[in-house]
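Here, each number is a calculation from the coordinates, and none is a lab measurement. Remember, predicted model here, so these are calculated numbers, not experimental data. Note that we place each Cβ from the backbone using ideal geometry, even for glycine, and neighbour counts take in every protein chain shown.
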Amino acid sequence: MTRIAKNALSFVGVLMLVPMIAWAADVVDLPNGSKLDLSQICPVCNMNLKGGELGPAAVVFDDGKVVGFDGPGDLFRYLLDPSKYGFDAAKIKEAYVTDHETKKFIDAKKAYFVTGTTLTGGMGSEVIPFGSKEAAEKFKTDHHGKSVAAYAGVKAEDVKSQKKMLKIKREGTGSGHGH
């Protein structure tokens with residue numbers, strides 16, 4: 001085989017791997033081993049999970065079902081209104097958020113959330129998650145936050161939507177925002 005033919009075959013092989021690598025990046029592991037499909041649409045704002053500035057969040061139900069969110073604010077909007085989203089809160093096994101400092105998934109129930117900062121998301125007020133209280137307190141001071149709350153201390157007013165949430169019905173794989 002000539003050198004040109006070998007290089008061409010190598011190039012074709014690399015091209016075949018690119019879609020597989022891109023596909024694999026659409027699914028990430030949660031700390032408990034569950035898989036979060038980042039191509040999912042957030043049930044709260046109808047936005048792609050990759051679009052969230054604060055990183056994705058997720059809940060894992062007892063039956064293994066994983067529901068993803070484009071950020072921590074939408075996670076809490078969902079959790080605080082189970083009747084609106086049609087789920088049984090007692091069946092949630094675990095919840096995860098993206099640590100603002102490390103950009104890694106952490107257990108939402110052990111996280112500290114900075115409320116009332118100058119940072120807002122596409123849906124309005126956000127809570128900014130941290131794995132340590134010290135990091136959360138520093139961020140609160142640096143960004144004029146209102147408080148640092150544990151998971152159970154995040155209230156609906158902390159994630160109040162500043163806009164009316166408009167759900168856009170998606171067709172196919174088109175992208176667009178539901179807000």
Query raised in the report: If we count every other residue with Cβ under 11 angstrom of D158's Cβ, Lys/Arg +1 and Asp/Glu -1, where does the sum land?
Result: +2
Query raised in the report: Which pairs break 32 Å Cα to Cα here: K91/K138; K65/K146; K109/K160; K65/K138?
Result: K91/K138; K65/K146; K65/K138
Query raised in the report: With θ set to phi - 60° and the Karplus curve 6.51 cos²θ - 1.76 cosθ + 1.60, what are the ³J(HN,Hα) couplings of the range 80-91 in order, to the nearest whole Hz, using x for Gly and Pro?
Result: 7, 9, x, 5, 5, 9, x, 9, 9, 4, 5, 8
Requested in this report: Take the range 24-159, drop everything but the C-alpha atoms, weight them equally and run the Debye formula without solvent; then report log10 I(q)/I(0) at 0.15 Å⁻¹ to two decimals.
Outcome: -0.65
Report task. Hey, can you grab everything whose amide H is under 5 Å from the amide H of A111? Only 5+ residues off in sequence or another chain; H modelled, so Pro and N-termini drop out. Result -> Y151
